Amino acid sequence: MKRRLLLLCAGAVVASCLSAAPATAGVSISIHPPSVYIATSRPVYYQGRATYWYQGRWHYRNGRNWRTYNAEPRYLRDYRRHSEPERHYYGYRR
C-alpha cells in the first residue's frame, strides 16, 4: 500500500513538472562575426559604435561581448540598401 502511494505521488510530481513552463538550461547561443570577417570588412559607424552586417543582422561590440540589434535601425537599413558591403582581400591574387 505504501509503495503504491509513493508511486502515485512520484507520478503526480513528474506530471506537474512536465506541464510547467519549459525549462531553460541557462545556455545562450550567440552568433557573432569571426575575426577574419572583422579584419576584412569595413564597419559602419552607428551611435559611435563600429557595426557589422553579418548573416542578415547588424552586430556591434559592447565591451568584451557582441550584441545584435533585434530590430534593424533605420539608418543602418538605408545604408545597407544603398551600398555594397566593402571587403578587403589581403592575400595574393593570381
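Every read-out reported here was derived from the displayed coordinates using simple, explicitly stated rules and does not represent laboratory data. A quick note: this is a predicted structure, and the numbers were derived from the prediction, not measured. So basically every Cβ, Gly included, is an ideal-geometry build from the backbone, and we count neighbours across all protein chains shown.
Numbers at a glance
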read-out	value
Distance (nanometres) between label positions extended 7 Å along Cα→Cβ at ASP78 and ILE31	2.8 nm
Segment 30-87: C-alpha gyration tensor shape, a/c 1.5 cut-off, then a/b vs b/c	oblate
HIS32 long-range amide H proximity, modeled H, under 5 Å	none
